[in-house]
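The values are calculated or read from the model by the stated rules, or taken from the named source; none is laboratory data. Owing to the predicted nature of the structure, the values given are computational and were not obtained by experimental measurement. Using ideal geometry, Cβ is built from the backbone for each residue, glycine included, and neighbour counts are taken over all protein chains shown. All accessible areas refer to the heavy atoms of the entire protein, side chains included, with ligands and DNA or RNA removed. Shrake-Rupley method; radii C 1.70, N 1.55, O 1.52, S 1.80 Å.
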Amino acid sequence: AEYCQRALQAAGLDSHILSYPADGEHCYLQEHIWREWGCKGARLDLCAPHAETLCDFAADPMCIAQRSAAADFRDKPLEIVCLPFGVTRENCPDIDLANKLVLADVLLRDGLRWIFEEKKAAGVITDRVQHDEGVRSRQELYDCRMYHSFPFSDVNEREVGGFAFVLTPRQGDKLRRLCADMA
């Protein structure tokens, strides 16, 4: 915005920058202005059977889902629970996810509130990529991370309050095999 303002002013045009607080409470022109979000750092490290960094925000900002909540589990490693492809609330009623990381092929915007609120999961790891029949497949995007974001809450609804890391499908398949081997 400042660059554009300088360019416009250099061209002799009068310009101003208008700023509005992104606090999740104000509306402008009948549009709700959602709370600002910024990430300073995030890492997902595998502890066993060998140490390995799966995600590092400093190296690849796409590895953390937008609007993830802050969390620190450095001193308390979390167990990973691998859910089957196509998981829904209805097909995993008896799985214990409390205080665990959930590996699932899910889109965060499709409503994962139940994983955090009902199942009390600590966080989610997703390797979901958008594949389109006859256009592109999961295998063609095997080393790509898909942009993921927690959905905006309705004005009267609180935010999800969880965090999510994003893996490539290759990383996800490797982690699934590792979870199966360690089960």
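Can you tell me the relative contact order of the chain? Whole percent, Cα pairs under 8 Å, sequence separation 6 or more. Result for the chain is 20 percent. Comparing Cα centroids, the range 32-70 and the range 12-29 end up 29 angstrom apart. Each of 65, 21, 48 was scored by the projection of its Cα onto the charge dipole of the chain, and the greatest displacement toward the positive side belongs to 48; charges sit on the C-beta of Lys, Arg, Asp and Glu. Of the heavy-atom accessible surface of the chain (probe 1.4 angstrom), what whole percent is carbon and sulfur? The C+S portion of the solvent-accessible surface of the chain is 51 percent. For residue 163, the residues 5 or more places off, or on other chains, whose built amide H falls under 5 Å of its own are 69, 124.
Where does helix 169-182 land angle-wise versus the long Cα axis of the chain, in degrees 0 to 90, nearest 10? Relative to the chain, helix 169-182 is tipped by roughly 30 degrees.
Net charge within 11 Å of residue 174 by Cβ-Cβ distance, Lys/Arg positive one each and Asp/Glu negative one each, not counting residue 174 itself? Residues near residue 174 contribute -1 overall. Which FRET efficiency value, to the nearest 0.05, is calculated for residue 99 and residue 39 with the Förster distance at 22 angstrom and r the Cβ-Cβ distance? Approximately 0.50, to the nearest 0.05.
Using R0 = 41 Å, the C-beta based FRET efficiency linking residue 16 and residue 149 works out to 0.85.
For residue 80, the solvent-accessible surface computed with a 1.4 Å probe is close to 40 Å², ligands and nucleic acids excluded. May I ask for the net charge around residue 52, where only other residues with Cβ less than 10 Å from the Cβ of residue 52 are counted and Lys, Arg are +1 while Asp, Glu are -1? Neighbourhood net charge equals 0. Surface calculation, 1.4 Å probe, protein heavy atoms: residue 131 sits at approximately 90 Å² accessible. Within the straight-line cut-off of under 21 Å between alpha carbons, the lysines reachable from residue 76 are 40, 100, 119, 120, sequence neighbours fewer than 8 places apart in one chain being disregarded.
In the full protein context, the chain carries 64 Å² of accessible surface per residue, based on a 1.4 Å probe and ignoring ligands, DNA and RNA.
Counted residue by residue at 0.36 nm each, then reduced by the alpha carbon distance between them, the extension gain from residue 60 to residue 130 reaches 23.3 nm. No disulfide-compatible partner, judged by a Cβ distance under 4.7 Å, exists for the following cysteines of the chain: 4, 27, 39, 47, 92, 144.
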